[in-house]
């Protein structure tokens, strides 16, 4: 990270992030950015970003379900072909959808469906400082910005997702949003500076779910709101699935609690006003393979004879969204 960029980053953090944490964040992002630049695919990804036509979008709609950057008529046919070729170099696209100058990126996840389930049930985001843990390509971060957030930080250590975010950022010059290529364990504890913290699709990947909840709480200011989305199973406050092998072909799934147990975890972790706002079964309309994500997806993870079960015989994916305050 050039010194000028580091100075600008420090200035962006100053005034709302505790001073004692700023250098830790700067050093962590610097280290992660160096690791990204050493990734074997980085030259190809970097070239794809460089090859994207230098066009100023006539308009941007961050609130659209298919987040829209520009219009088809903003580009020539040649420029449009070059842009699509560059965007396809960033395959697979997991979270979205996006519309780049009339090029529709039909991502594996219809992340707009999740957003529409929660957006009217959480505290208004206007003027808030927000952290999105495990943000993927940053789709939800842009939606948060559209809802008036003062500052949005998305964190995710997956290198490709950082490049997909940069593909958007090349055309959307907005200083209120940043992507840090970090995992939550790289974030200083007890920052206590975010008004809203989102953790969506993360909890079941953590070996210690209670520790994850305590991490999230330490990042919230007093009175802030946690928005937690995770896999759940049916059952009472004693029910929790601990897969002995894989779950829906995923190796790193450790705990899938019932909703009552999850609510208890939150209360034991010091949260209050715990409220379940949605429970939905994940459908093949929401998660599936597409031309922009050509690997296996949800239909391949379910039992062919009984779609209410995974291929391993576990209950098929159901997700809950819970809000809580600190």
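Read-outs throughout are calculated quantities, based only on the coordinates presented, and are distinct from any laboratory measurement. Keep in mind the model is a prediction, meaning the values are calculated, not measured. For neighbour counting, all protein chains shown are included, and Cβ atoms are generated from backbone atoms with ideal geometry for every residue, glycine included.
Observations on the model:
- Helical mean residue ellipticity (222 nm; -39500 (n - 2.57) per DSSP H run of 4+; nearest 500) of the chain: -9500 deg cm²/dmol
- Of 14, 230, 107, the one that fluctuates the most in a GNM where the chain has Cα springs shorter than 10 Å: 14
- Antiparallel %, DSSP beta bridges [both residues in the chain], to 5: 50 percent
- Per residue, the average separation of C-alpha pairs within less than 8 Å and at least 6 apart gives region 232-301 a relative contact order of 25 percent.
- Projecting label points 7 angstrom from Cα along Cα→Cβ for residue 208 and residue 150 puts them 3.3 nm apart.
- Burial ordering of 9, 271, fewest other beta-carbon atoms within 10 Å first: 9, 271
- Within the listed set 59, 33, 111, the Gaussian network model of the chain (springs between alpha-carbon atoms below 10 Å) gives the highest mean-square fluctuation for 59.
- Distance between the C-alpha centres of region 64-105 and region 44-61: 9 Å, rounded to the whole angstrom.
- Counting only DSSP beta bridges whose two residues both lie in region 79-202, roughly 15 percent are antiparallel.
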